[in-house]
Amino acid sequence: MALTRRSSGLLKPLSAASSASFLHRRPFSTDDTTTITVETSVPFTGHNCEPPSRSVDTTPKELMKFFTDMAVMRRMEIAADSLYKSKLIRGFCHLYDGQEAVSIGMEAAITKQDCIITAYRDHCLFLGRGGTLLESFAELMGRQAGCSNGKGGSMHFYKKESCFFGGHGIVGAQVPLGCGLAFAQKYRKEDHVTFAMYGDGAANQGQLFEALNMAALWDLPAILVCENNHYGMGTAEWRAAKSPAYYKRGDYVPGLKVDGMDAFAVKQACKFAKEHVLKNGPIILEMDTYRYHGHSMSDPGSTYRTRDEISGVRQERDPIERIRKLILAHDLATEKELKDIEKQVRKEVDDAIAQAKESPMPAESELFTNVYRKGFGVESFGADRKELRATLP
Amino acid sequence: MASIFQGVGAATSLDTKKFQLSSLRSVTGRKASCVVMRSGGAKMDGGSNQISGRADQLVTNAVATKADTPAASTASKPGHELLLFEALREGLEEEMERDARVCVMGEDVGHYGGSYKVTKGLAEKYGDLRVLDTPIAENSFTGMGIGAAMTGLRPIIEGMNMGFLLLAFNQISNNCGMLHYTSGGQFKIPVVIRGPGGVGRQLGAEHSQRLESYFQSIPGIQMVACSTPYNAKGLMKAAIRSDNPVILFEHVLLYNLKERIPDEEYVLNLEEAEMVRPGEHVTILTYSRMRYHVMQAAKTLVNKGYDPEVIDIRSLKPFDLYTIGNSIKKTHRVLIVEECMRTGGIGASLTAAITENFHDYLDAPIMCLSSQDVPTPYAGTLEEWTVVQPPQIVAAVEQLCR
């Protein structure tokens, strides 16, 4: 069987050497035709809608892709952790490890013309949308090769070509933006949908309900995805919300509660949501997920929850472990091969970090670029009617 | 197809050399056959800048009349008369006709026709999706407009009163202003945020706010204030065509100004100031409704023998320091008359900008007349004392020119 490209943009070989080594790996199962049926861990719970079935069809190729992609995401976040501790990444750094299944499952159900917008926990979603490791690490370290040229930082990853709209620091502000994306899709009569993601903390924001009202009023193709990791920074969900059933919060808007640690449940839910929304208007998906790290790097994550809880979730619900067990159960690869993949992933990540470290800091003149957009034709700017050129003292 | 405005009347204070033609620049790369750029003219050789010498004819009810001397070019049609809100509507309609991506969203803009009738008739013509009636949720419909702009649409977001946009401040500051920068240039936000602000007739404190001062330091946005039907239409069109987010400040009391504007299409420069009345003794910088108070004071000043140069700065961010600077270099005295509050207002920023750039040219400290730092009271007399009145302007000029 031909070793097909494993369709993972995450592992774009950084050098010819690594790509050559890639080609010489023993090809394990990349079968695209056999269907494997997987049962989700728990059934879906619906609100005002008929939940989809628990059985999800997949292929060996997809299973391997899930494993590899999630391994890359996990590895990237762990590497970002150590980079932060060695002060190469500064400011805020919100890590996504534990929640990878949401990104992976979503990508498996949609196309790159569907829009995704999220809050500040955006590194892995950026990778899922086709961003490269180099762009991510360079942006985190504030270098020129970053996806926003080093001017955005951890909370401002964007990728316009793949309809990834970021990357927003203010809690909840991205949800009205997401409804705007959906509005534009409806305006242009496109057959695509928007996933506006937010957390359990943001679920209490007023602008969310305002946006939901408008989306429902005009039947906008907006899917509101609440990534419920049960803690809004240090506040547990039961201390912040009178009704932590976020999928029911939409009242007249249907909702679905999904096990967010199960990539196939996420995939099924997103597929269901996309079909639903193109006919019936918005829907809320609540992803029951968990983050292993604290809210951000400055939060140890253990003052408001016990270490037992964290390790308990890691043992029982870890998304990568679930996929690993499925792969082994269906004999798609051996333990050693999976470990080799993880080693390969680690190497890719380390290579990306090394390359990102070599990228220079942005030039001084970059301070003033992209504040405004030129080209209208009648700008004057500046006291001499020429473009304002500021110089630093 | 160019209209040429000539200065007229009040010949006592105008030199013949000030009768200059507006320089015409057509926009590069566009079908320029019917678009005329009105610019302030780059020529600054002792002469003053262009247009309305007819400003001398302005009276308090601000019915502007155009000069109809035989010397006026007959190449142009006489134009048509309309009110300021109609001029805004005309500009809006022309742009919606021209570009299918232009859409309007706001409260009561559709079926109701707009609370100040700026969008009257547009919903019937363009449909409910292009002229969108939103619920009362400023934060989120502003956010929605910005999100739509990220994908390439060009929404015009109307705040029924500028003061309501305080609820949307987060969206305007963080998303509207900053997304182009933080995404490394990937997304542009070509929105226009517009609405009436300013002190009206006893509308109360919350409905008489001037938000220019709050928005002015947001990086990434442009702010313009219109004051006549002519510049309202031109600035509306320019704002819609601009790829940057533009906040267009209208004034509640100016919507019924009547003026004759050209028939042919024109777009104004967003960053240019307007020379309302050329002069020699003092530069008076103003914008929006205070322009009319200044012109009223100018009549008194002229009778007293002063020759004020009045500039409507129009562009509140960035300031047109070119026009302003040239004026200061000529008169050496500056008076700023604004409706913003004294603390942290547009006048405060303008004072700082002028002092930084043109300190050597000043013969006297810059005087800034602003509204009082109080919430606008309801009682009519108190409200009058909140804003700058013409006698105060006259007194200020007299003090400045001592």
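The values are calculated or read from the model by the stated rules, or taken from the named source; none is laboratory data. Computed from a prediction, not measured in an experiment: that's the story for all the values here. Every residue, glycine among them, receives a Cβ derived from its backbone with ideal geometry; neighbour counts consider all protein chains shown.
Residue check: A:K87 meets all listed conditions (1) surrounded by fewer than 24 Cβ atoms within 10 Å (Cβ to Cβ); (2) away from chain B (no Cβ under 13 Å); (3) on the phi < 0 side of the Ramachandran plot but one, namely (3). Among residues of the range B:377-402 being assigned to a loop (DSSP other than H, G, I, E, B) and under 22 Å from the mean Cα position of the chain (by Cα), the one that is surrounded by the most Cβ atoms within 10 Å (Cβ to Cβ) is B:V388. Note on the range B:191-221: among residues that are out of contact with any Gly (no Cβ under 8 Å at 6 or more places or on another chain) and within 20 Å of B:N170 (Cβ to Cβ), the one that is surrounded by the most Cβ atoms within 10 Å (Cβ to Cβ) is B:V192.
When the range A:49-67 is filtered for residues that are closer than 17 Å to A:F272 by Cβ and buried (at least 17 other Cβ atoms within 10 Å of the Cβ), the ones remaining, listed by number, are A:C49, A:P51, A:P52, A:V56, A:T58.
Every condition in (1) assigned to a helix (DSSP H, G or I); (2) surrounded by fewer than 20 Cβ atoms within 10 Å (Cβ to Cβ) holds for A:Y247 except the one numbered (2).
Selection of the range A:165-185 for residues being at the interface with chain B (Cβ under 7 Å from one of its Cβ atoms) and either among the aliphatic types (A, V, I, L, M) or part of a helix (DSSP H, G or I) (or both) yields A:I170, A:A173, A:P176, A:L177, A:G178, A:C179, A:G180, A:L181, A:F183, A:A184.
Filtering the range B:308-326 to residues that are over 21 Å from B:G234 (Cβ atoms) and modelled with pLDDT of 95 or more leaves B:P308, B:E309. Looking across the range B:146-164, the residues that are out of contact with any helix residue (DSSP H, G or I) (no Cβ under 6 Å at 6 or more places or on another chain) and either crowded, with 23+ Cβ neighbours inside 10 Å or modelled with pLDDT of 95 or more (or both) come down to B:A149, B:M150, B:R154, B:I156, B:E158, B:M162. From (1) closer than 22 Å to B:S242 by Cβ; (2) assigned to a loop (DSSP other than H, G, I, E, B); (3) out of contact with any Gly (no Cβ under 9 Å at 6 or more places or on another chain); (4) not aromatic (F, W, Y), pick out the condition that doesn't hold for B:L316. That leaves (2) as the condition not met.
Please list, ordered by residue number, the strands (runs of 3 or more DSSP E) wholly in the range B:75-167 having 1 or more residues that are in contact with a Ser or Thr (Cβ under 9 Å, 6 or more places away or on another chain) and facing another protein chain (nearest Cβ under 9 Å).
Because the criterion is at least 1 residues that are in contact with a Ser or Thr (Cβ under 9 Å, 6 or more places away or on another chain) and facing another protein chain (nearest Cβ under 9 Å), the strands (runs of 3 or more DSSP E) in the range B:75-167 that meet it are B:102-106.
In the range B:245-290, what residues are within 21 Å of B:S213 (Cβ to Cβ), within 14 Å of chain A (Cβ to nearest Cβ) and part of a loop (DSSP other than H, G, I, E, B)? Within the range B:245-290, B:P245, B:L270, B:E271, B:A273 meet the criteria.
Could you tell me which residue of the range B:169-183 is farthest from the other protein chains (Cβ to nearest Cβ), considering only residues that are crowded, with 24+ Cβ neighbours inside 10 Å and touching a His at 6+ places or on another chain (Cβ under 9 Å)? This residue is B:L179.
Here is the figure for the range B:184-232: residues that are touching a residue at least 40 places away in the same chain (Cβ under 8 Å), within 14 Å of chain A (Cβ to nearest Cβ) and on the phi > 0 side of the Ramachandran plot total 1.
So, in the range A:196-232, of the ones that are of a type in the set (F, W, Y) and closer than 20 Å to A:A245 by Cβ, which residue ends up surrounded by the fewest Cβ atoms within 10 Å (Cβ to Cβ)? Restricting to residues being of a type in the set (F, W, Y) and closer than 20 Å to A:A245 by Cβ, the top hit is A:F209. Note on the range B:330-369: residues that are in a helix (DSSP H, G or I) and not small (G, A, S) total 13.
Residue under question is A:G260, and the condition is that it be surrounded by fewer than 21 Cβ atoms within 10 Å (Cβ to Cβ), closer than 30 Å to A:S82 by Cα and in the same structural domain as A:C226 (by the TED database); does it hold? Criteria not met by A:G260. Answer yes or no as to whether B:A353 is surrounded by fewer than 20 Cβ atoms within 10 Å (Cβ to Cβ), closer than 26 Å to B:Y181 by Cβ, out of contact with any Phe, Trp or Tyr (no Cβ under 8 Å at 6 or more places or on another chain) and not assigned by the TED database to the domain that holds B:L179. It is false that B:A353 is surrounded by fewer than 20 Cβ atoms within 10 Å (Cβ to Cβ), closer than 26 Å to B:Y181 by Cβ, out of contact with any Phe, Trp or Tyr (no Cβ under 8 Å at 6 or more places or on another chain) and not assigned by the TED database to the domain that holds B:L179.
Yes/no matrix, rows are residues, columns are (1) assigned by the TED database to the domain that holds A:K357; (2) under 20 Å from the mean Cα position of the chain (by Cα); (3) at pLDDT 90 or above:
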| position | (1), (2), (3) |
| --- | --- |
| A:L23 | no, no, no |
| A:S55 | yes, no, yes |
| A:F66 | yes, yes, yes |
| A:A71 | yes, yes, yes |
| A:E77 | yes, yes, yes |
| A:S86 | yes, no, yes |
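Residues in the range A:186-195 that are crowded, with 24+ Cβ neighbours inside 10 Å and either polar (S, T, N, Q) or at the interface with another protein chain (Cβ under 10 Å from one of its Cβ atoms) (or both): A:T194 alone.
Counting only residues that are among the charged types (D, E, K, R) and closer than 27 Å to A:R188 by Cα, the range A:123-137 holds 1 of them.
Taking the condition more than 9 Å from every other protein chain (Cβ to nearest Cβ), more than 20 Å from A:K279 (Cβ to Cβ) and without any contact (Cβ under 8 Å) to a residue 24 or more places away in the chain, does A:E135 pass?
Taking the combined requirement at face value, the residue satisfies it.
Exactly one residue among A:S103, A:S8 is touching a helix residue (DSSP H, G or I) at 6+ places or on another chain (Cβ under 8 Å) and at pLDDT 95 or above, and that residue is A:S103.
Does B:M223 count as part of a strand (DSSP E or B), closer than 29 Å to B:A149 by Cβ and outside the structural domain of B:M367 (by the TED database)? Taking the combined requirement at face value, the residue satisfies it. Within the set B:E81, B:E97, the sole residue that is farther than 20 Å from B:A225 by Cα and touching a strand residue (DSSP E or B) at 6+ places or on another chain (Cβ under 7 Å) turns out to be B:E81.
Among the residues of the range A:213-252, which ones are touching a His at 6+ places or on another chain (Cβ under 6 Å) and either within 14 Å of chain B (Cβ to nearest Cβ) or of a type in the set (K, R) (or both)?
A:K248
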